[in-house]
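Visitor: This is the structure I want to talk about, given as structure tokens.
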Amino acid sequence: MAYDNILYEVQDGIATIIFNRPKALNALNGDLLSEFENALEMIEGDESIRVLVLTGAGEKAFVAGADISELAAFDALQGKSFSRKGQQVIGKLQDLAIPVIGAINGFALGGGGEIALACDFVYAADTAKFGLPEINLGIIPGFGGTQRLPSVVGPAMAKEMIFTGKMISAEEAHEAGMVNRVCPADALMDEVRETAKTIAGKGKVSLRAAKQAVNSGLKVDIGTGCHIECDAFALCMASEDAKEGTTAFLEKRKPEFKGRIH
Ligand code: CO8
């Protein structure tokens, strides 16, 4: 598939998707969503990719939400279908086996905020702004924001953000738990790449197991979660990577992970 609305590149096991409609502040139209979904499917099928980074083209926006010029013409059924499509694509992002880092370089509003919430974690430029401003358009978040935001910042903060539609700064988003690290805007990509590189050097089997254990554990009680962790731990112990990691420690050398189960 040729991409017109995103840029996609892979270097040293790190894939980067750049939302690329800077004139519309990278707003999500139907074509962009389809291209994003296609790129996620390619990444899922490519064993060489260890980490995914998401960011926006230009200096102003990560993604300023769904494309309002497209949305404005929807009837109820079209709205429902677009909402479902966005939820499915963002669900695919959240369920991706490899770690996903959001590099939030500017406005992350509406659907853009909802993508940020589905990343495993986010670094933000000090100039970034976060919000779910759909209420200002007479609608509500429709790409999972009413569900994911409360679980990240708590229901009261989420309701205030959704009811007022107000944006918060990167620093406020950091305090609220939406952002792991706030960086000077011109250092954002370097800091994200540094962390992506560190993660890409770990064993693929244990990275997958860790992500799956955390994500699955969040949906169940602690006892069930610990069973999930045991099974994921056992899978790691069956991997060549566990043999390599423990042997390398005892031999006082750096491990070379291959990402293979026996
Ligand atoms: N959609 C389409 N175009 C947009 C969007 C958008 N979301 N955001 C900005 N643009 C366009 C502007 O229209 C403008 O275009 P032009 O130059 O042709 O006039 C260009 O980008 C630059 O924007 P501004 O001139 O407005 O830039 P400012 O710096 O003055 O303001 C803001 C920046 C504050 C980000 C402002 O553009 C804004 O408020 N944008 C809209 C933000 C918003 O409301 N986002 C939520 C959208 S709704 C949504 O995401 C719902 C998701 C779930 C959908 C469910 C399915 C139905």
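Visitor: Can you give the Rg to Rh ratio of the stretch 204-250, both from alpha-carbon atoms, with Rh computed by the Kirkwood formula? Before the final figure, lay out each step's value.
Guide: Values: Rg = 11.9 Å, Rh = 11.1 Å.
On the Cα set of the stretch 204-250, Rg over Rh gives 1.07.
Visitor: Can you give the local net charge around Val179? Use residues other than it whose beta-carbon is closer than 11 angstrom to its beta-carbon, Lys and Arg +1, Asp and Glu -1. Working shown, then result.
Guide: On the way: positive: Arg181; negative: Asp126, Glu171, Glu172, Glu175.
Counting the neighbours of Val179, the net charge comes to -3.
Visitor: So what is the orientation-averaged projected area of the stretch 153-262, using the convex hull of its C-alpha atoms, in nm²?
Guide: The orientation-averaged projected area of the Cα hull of the stretch 153-262 comes to 10.0 nm².
Visitor: If you don't mind, another one. Where nothing but the Cβ of Lys and Arg (+1) and of Asp and Glu (-1) is charged, how large is the charge dipole of the stretch 48-153 around its Cα centre, in debye to the nearest 20?
Guide: That gives a dipole near 200 debye.
Visitor: Something else: Give me the angle, in degrees from 0 to 90, between the Cα long axis of helix 222-237 and the longest principal axis of the Cα atoms of the chain, rounded to the nearest 10.
Guide: 50 degrees
Visitor: Give me Rg/Rg_expected for the chain, where Rg uses Cα atoms only and Rg_expected = 2.2 N^0.38 Å with N residues.
Guide: Working it through for the chain, the quotient is 1.04.
Visitor: Sticking with this structure for a sec: Past the 15 angstrom mark, what percentage of all C-alpha to C-alpha distances in the stretch 86-169 do you count? Walk me through the intermediate numbers first.
Guide: Values: 1912 of 3486 pairs.
For the stretch 86-169, the share of Cα pairs beyond 15 Å comes to 55 percent.
Visitor: Another question about this same structure. Please give the charge dipole size of the chain, origin at the Cα centre, charges +1 on K and R Cβ atoms and -1 on D and E Cβ atoms. Round to the nearest 20 debye.
Guide: Computed charge dipole of the chain: roughly 380 debye.
Visitor: Please give the calculated 222 nm ellipticity per residue for the chain, where each DSSP H segment of at least 4 residues contributes -39500 (n - 2.57) and the sum is spread over every residue; nearest 500 deg cm²/dmol? Please report the intermediate quantities before stating the final value.
Guide: Details: 11 runs with 126 residues, N = 262.
When only DSSP H runs of four or more count, the value is -14500 deg cm²/dmol.
Visitor: Follow-up question, since we're still on this one. Taking the Cα atoms only, what angle lies between the long axis of helix 155-164 and the longest principal axis of the chain, rounded to 10 degrees?
Guide: It works out to around 30 degrees.
Visitor: Using a cut-off of 13 Å between beta-carbons, work out the net charge of the residues near Cys236 (Lys and Arg +1, Asp and Glu -1, Cys236 not included).
Guide: Value of the local net charge: +1.
Visitor: Listed highest first by mean packing, meaning other Cβ atoms within 10 Å per residue, what order do 140-149, 162-171 come in?
Guide: Details: 140-149: 20.9, 162-171: 16.7.
So the order, starting with the most tightly packed, is 140-149, 162-171.
Visitor: For the stretch 51-104, what mean projected area does the convex hull of the alpha carbons give, in nm²? Mind showing how you got there, number by number?
Guide: Values: hull surface 17.9 nm².
It is 4.5 nm².
Visitor: If each residue's Cβ is checked for other Cβ atoms within 10 Å, how do Cys226, Cys236 rank with the fewest at the top?
Guide: Ascending number of Cβ neighbours within 10 Å: Cys226, Cys236.
Visitor: Using per-residue counts of other Cβ atoms within 10 Å, averaged over each peptide, order 130-139, 177-186, 101-110, 56-65 from highest down.
Guide: Taking the mean over residues of other Cβ atoms within 10 Å, the ranking is 101-110, 56-65, 130-139, 177-186.
Every number in this text was worked out from the coordinates using simple rules, so none of it is lab data. Being a predicted model, the structure only gives us computed values, none of them experimental. Note that we place each Cβ from the backbone using ideal geometry, even for glycine, and neighbour counts take in every protein chain shown.
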